[in-house]
Amino acid sequence: MVNFPLKRLIFSIILSFPLWIVLYAIFYILTLIFLILTKLNNPAIGLDIESFKNVLNPNSLAILTLLGFTQVLTYLLIVKFFFLNKFHLSWEKFGLTTENVKKQFVLALKLWVIAETGGLLLDFLTVKLGWAPYGPGGPQSPNNTQGPLLFIAFIFLGAVIAPLCEEIFFRGYIFKVLHSKYGFLIANVVSSLVFMSFHGISLTNSPAHFLLGVLFAASFYKTGLLIPVMVSHSLFNTTSMILNYFQVRLY
């Protein structure tokens, strides 16, 4: 793995953006074709222009699911063809194993407690500094005025899709390659910075994303297991979304 070219890693990271757009466009068009064919074959269904607008609205359940699905597909394709195939690795050796499930779950809970405690303290600080006046969870999550279906969609994306694909991509792939070439410290910092940048740069969220990346990379380095950081990531995102949805203000 030491011979993994840095240019290949950088290229694959950059490629993830256009690949995601292309995959999303393809499945978006397929969804549109499916709706049109459904209308043509079943006129009684009553799909009109307004119905199409509702289904294809950027905040609709269908589009949010489509975004999540194509994100997973993008990351998995890159990891599969740029990393696993090159070194003839299996997903199990990649850090995805069901051995010692109880131990992995306990580790995930410990990581979640650390991440949640640090996240709330950091959020408290940013609120007091006036950077995040909305409190825990930030303004990006739906609140209870936006309806339960949108909340369920965000939970699905944030608690299932994001932890799965992000931990595989940022820790299992980027961190692992950088660690083999430059050691733990550089690999942790750089992979966490990439993780942070993929979520958008802002005073409100960037520090938390960076520190989460550092924590999860450190855990993966110590244990070689991805499932505990996936579960912890899932719990962290779910907690933030629930606090925001029910408009819970802890301070």
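Values quoted throughout were computed directly from the atomic coordinates according to the rules given, and no laboratory measurement underlies them. Just so you know, these numbers come straight off a predicted model, no measurement behind them. Ideal geometry is used to build each Cβ from the backbone, glycine not excepted, and the neighbour counts take in all protein chains shown.
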Fewest Cβ neighbours within 10 Å first, please rank SER192, SER197 accordingly.
SER197, SER192
If you stretched the chain out fully between PHE81 and LYS181, how much longer would it get, using 0.36 nm times the residue separation minus the C-alpha to C-alpha distance?
34.0 nm
Can you compute the modelled spin-label distance between GLU116 and LEU32, with each label point 7 Å from Cα toward Cβ, in nm?
4.3 nm
Cα-projected label distance for GLU99 with LEU129, points at 7 Å along beta-carbon direction, nm
4.3 nm
Highest-first arrangement of 12-20, 85-93, 168-176, where packing means the average Cβ count within 10 Å:
168-176, 12-20, 85-93
